[in-house]
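Before any comments, here is the structure.
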Amino acid sequence: MPAPRMVRSGIEAMGTSSKELAGKLRKLAQRQHGCFTAAQAIETGYADSVHLYHVRTGKWTRVYRGVYRLADQPASPASRCMAALLWTRNKSGTIQGVLAADTAEALQNESLAEHDPIHVLVPKTFRRSSPTPKRIKIQKTDKKLHITLNIFGIPSQISQSNQTGFQNLIKNAQDRPDYYDLIDYYMVIYDSPE
């Protein structure tokens with residue numbers, strides 16, 4: 001016989017306290033600059049029916065459809081970029097986009113202003129049932145591979161000017177014993193499906 005479900009403070013739980021759920025969600029959101037998706041909240045243990053409750057009580061801020069930020073985490077350029085990438089996730093929860101080079105450079109140089117749109121590269125097959133939010137600019141791309149760096153933990157395309165320097169860094173690092181660790185840390189290959 002299944003364990004009885006308890007509803008406490010608008011949170012559906014199976015033997016889990018609201019503090020434990022909040023702690024699990026906070027731990028996840030901290031890795032994503034305070035942001036998380038509705039699906040991630042559900043996986044953590046929050047019932048779909050209580051998301052609006054947490055927005056209305058001021059605990060969560062709705063950034064985009066299906067994307068939230070913990071309200072006590074300040075909005076920042078990095079959180080805006082992460083929220084935009086979380087918005088590009090597919091039905092299985094995989095992020096489909098990477099920051100375009102211009103946005104990535106502005107983020108890295110700390111010159112990304114609050115009103116600047118977030119430019120995101122996505123595969124040609126990218127589809128969303130909801131319209132693109134005003135502050136996200138989507139560019140579908142033919143390229144199969146993009147060399148990207150994780151800037152503040154956010155997948156970002158390398159600008160043309162930085163690609164040569166990055167390739168030299170990799171070439172010069174090949175003799176180092178930690179070469180593969182360096183590659184894993186600095187580079188993600190973004191492969192867009194056909």
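The values are calculated or read from the model by the stated rules, or taken from the named source; none is laboratory data. If you're wondering where the values come from, they're calculated on a predicted model, not measured in any experiment. Quick reminder, even Gly has a Cβ in these numbers, built from the backbone with ideal geometry, and neighbours come from all protein chains shown.
Looking across the stretch 56-99 at every residue that is modelled with pLDDT under 95 and surrounded by 23 or more Cβ atoms within 10 Å (Cβ to Cβ), the one that is nearest to Arg135 (Cα to Cα) is identified as Leu99.
Just one of (1) at pLDDT 85 or above; (2) surrounded by fewer than 18 Cβ atoms within 10 Å (Cβ to Cβ); (3) farther than 15 Å from Ala104 by Cβ fails for Ser129. It is (1). State whether one or more residues within the stretch 103-110 are in contact with an Asp or Glu (Cβ under 8 Å, 6 or more places away or on another chain) and surrounded by fewer than 21 Cβ atoms within 10 Å (Cβ to Cβ). Scanning the stretch 103-110 turns up at least one residue that is in contact with an Asp or Glu (Cβ under 8 Å, 6 or more places away or on another chain) and surrounded by fewer than 21 Cβ atoms within 10 Å (Cβ to Cβ).
For Ile147, the conditions (1) modelled with pLDDT of 90 or more; (2) over 14 Å from Gly34 (Cβ atoms); (3) aliphatic (A, V, I, L, M) are fulfilled apart from (1). Just to be sure, is Ser130 in contact with a His (Cβ under 9 Å, 6 or more places away or on another chain) and polar (S, T, N, Q)? No; evaluated as a whole, the condition is false for this residue.
I'd like the full set of residues that are among the aliphatic types (A, V, I, L, M) and in contact with a Pro (Cβ under 9 Å, 6 or more places away or on another chain), limited to the stretch 84-103. Don't jump to the end; show me each part of the working.
Going residue by residue through the stretch 84-103, those that are among the aliphatic types (A, V, I, L, M) are 84-86, 95, 98-101.
Selection gives Ala84, Leu85, Ile95, Val98, Leu99.
Tally time: how many residues in the stretch 34-66 are on the phi > 0 side of the Ramachandran plot and either in a helix (DSSP H, G or I) or among the β-branched types (Val, Ile, Thr) (or both)? Before the answer, list the steps.
Taking the stretch 34-66 and keeping what is on the phi > 0 side of the Ramachandran plot, we get 34, 45, 58, 66.
Checking the rest, the ones that are also either in a helix (DSSP H, G or I) or among the β-branched types (Val, Ile, Thr) (or both) come to none.
Looking only at that region, the number is 0.
Residue selection: Lys171 satisfies the criterion of being modelled with pLDDT under 90 and part of a helix (DSSP H, G or I). Among the residues in the stretch 109-124, are any modelled with pLDDT under 90 and either part of a helix (DSSP H, G or I) or of a type in the set (Ser, Thr, Tyr) (or both)? Looking through the stretch 109-124, none of the residues is modelled with pLDDT under 90 and either part of a helix (DSSP H, G or I) or of a type in the set (Ser, Thr, Tyr) (or both). Scanning the stretch 27-40 turns up no residue that is over 23 Å from Pro133 (Cβ atoms), of a type in the set (D, E, K, R), at pLDDT 95 or above and surrounded by 15 or more Cβ atoms within 10 Å (Cβ to Cβ). When the stretch 89-113 is filtered for residues that are touching a residue at least 24 places away in the same chain (Cβ under 8 Å) and among the charged types (D, E, K, R), the ones remaining, listed by number, are Arg89, Asp102, Glu105, Glu110.
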